1. List the pairs from LYS22/LYS301; LYS22/LYS152; LYS152/LYS208; LYS147/LYS301; LYS169/LYS301; LYS169/LYS288 whose alpha-carbon separation is above 32 Å, in the order I gave them.
2. Can you list the residues, at least 5 places off or on another chain, whose amide H is less than 5 Å from the amide H of MET281, using H built in the peptide plane?
3. Give the shape of region 214-281 as rounded, prolate or oblate, defined through the alpha-carbon gyration tensor: a ≥ b ≥ c are the square roots of its eigenvalues, a/c under 1.5 means rounded, and otherwise the shape is prolate if a/b is larger than b/c and oblate if not.
4. For region 1-116, what % of the accessible area comes from carbon and sulfur atoms, probe 1.4 Å?
5. So for region 257-300, considering every pair of alpha-carbon atoms, how many percent are separated by more than 14 Å?
6. Sorting check: for 238-249, 36-47, which peptide has the highest mean count of neighbouring beta carbons within 10 Å, and how do the rest follow?
7. What is the set of long-range amide H partners of MET107 at a cut-off below 5 Å, with H atoms built 1.01 Å from backbone N?
8. Compare the peptides 71-78, 351-358 by average per-residue count of other Cβ atoms within 10 angstrom and give them in order, highest first.
Amino acid sequence: MPSRPVQALLAIEPGVDVEDVKDSLPGGEDFNIVAVVNGAEEAMSWLRGGVADLLLVACAGYSDRALLLLDGVGRQNPDLNVMVLGHGSPNGFLRRAFEAGADDIVMLPATPEQIRFEIHKLMARKQGADAPVQNENSRLVCVLGPKGGTGKTLTSTNLSVALAQRGEKVALVDLDLQFGDVALCLGLPPERTVYDLAQSPGALDWDKLESFIAQHSSGVHTLIAPRRPDQASAVGAELLREIYSILRQNYDWVVVDTPPGFTAEVITSIDHSTDIVMIGMLDSLSLKNTKLGLETLELMKYDTDHVYLVLNRAHSRVGISQSDVEAVLGRAPDVFIPSDREIPRTVNEGIPIVVARPQSEPAEAFARLASLLIGKDVSTEPVPAMAAAASDASRSSRSSSSRRRLFGRKG
């Protein structure tokens, strides 16, 4: 935290118990609530004469009043850090809140230590003061897919193995804490999981973390998801931050397989990543959610040059052409993963397709994704014929001297 206490203004929206919110906030010498106000009007009035480092907006579910406050603060106090404390289901509120000007969102209930960590992360991000990673060449790749069933785990496992096959030292983290399948896809027994790590006593260091990591025959080191969904809550954002820091000191690449949606754990992973791989599929619902996911990353001010778009099952005959995909998403996918009957078979056998059938088109596509991330010239690598033209167009667009935002608008 900063050398002086964070001065926070707390704005309480209707339907929220102020005492419950206060109980969730950190205490001590590094955090101070300068005032508590009711609603948007009182908050705007206070900010006209008062000074705060941070505005906390506590609201219940979807709140139009809170969105108006965020919008007003963005115009009146553009440098003010803003965090939303949400109660209940967000119901689409997350994207709208980011759009209106929120810097971060924390869903309650949460512990004071969790809130303290999120505040620290927010302040550091806004000030550009994130703690340096000892291995500056290490990369953390966050594999995202706003809709379930798009092939995130398939991509995460095969990408990790493809990187390891090139001599890279790779760690793979299964962040789908309730229903993670990385261990299944790699044929690894879930003997020790991230839940067991979270429950173990003592401080976290490399020696301790290493004892909870499973090694795949390819050389990929894996931190496995909990065995049961009820164990997921034991793994919080603060623990993930420590895990990522230690892994990046000891590996060339850290690949994170995420659950659907932008949960607190996913947002933490995005904040600590160097690259994003966004997975979509060739159907209208998936494309819609992929576009919303790309828009959310843009609202979070993520560097679009480090967002790679992968289209899974790209050769399916469903009445959607590649030009339709580009029209919806505003850009050509970087990599096309074709459908192949061998993919489900290799998943069932626990053998990644880049190992089981290295000459297949899907394996070549995953190898191409690894090359794009490493930064090698992929023009000499084999590309499935149906995807070649679109991939070449995407690569040309990415190397253009003018920085292009996600949907064809100039940055």
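1. Too far apart for the 32 Å limit: LYS22/LYS152; LYS169/LYS288.
2. LEU287, ASN312
3. rounded
4. The nonpolar share, carbon plus sulfur, comes to 48 percent.
5. Across region 257-300, Cα pairs with separations above 14 Å total 50 percent.
6. 238-249, 36-47
7. GLY86
8. The densest-packed peptide leads the list: 351-358, 71-78.
The values are calculated or read from the model by the stated rules, or taken from the named source; none is laboratory data. These numbers come from a predicted model, not from an experiment. All Cβ positions, glycine included, derive from the backbone under ideal geometry; neighbour counts span all protein chains shown. Side chains included, ligands, DNA and RNA excluded: accessible areas come from the protein's heavy atoms. Shrake-Rupley method; radii C 1.70, N 1.55, O 1.52, S 1.80 Å.
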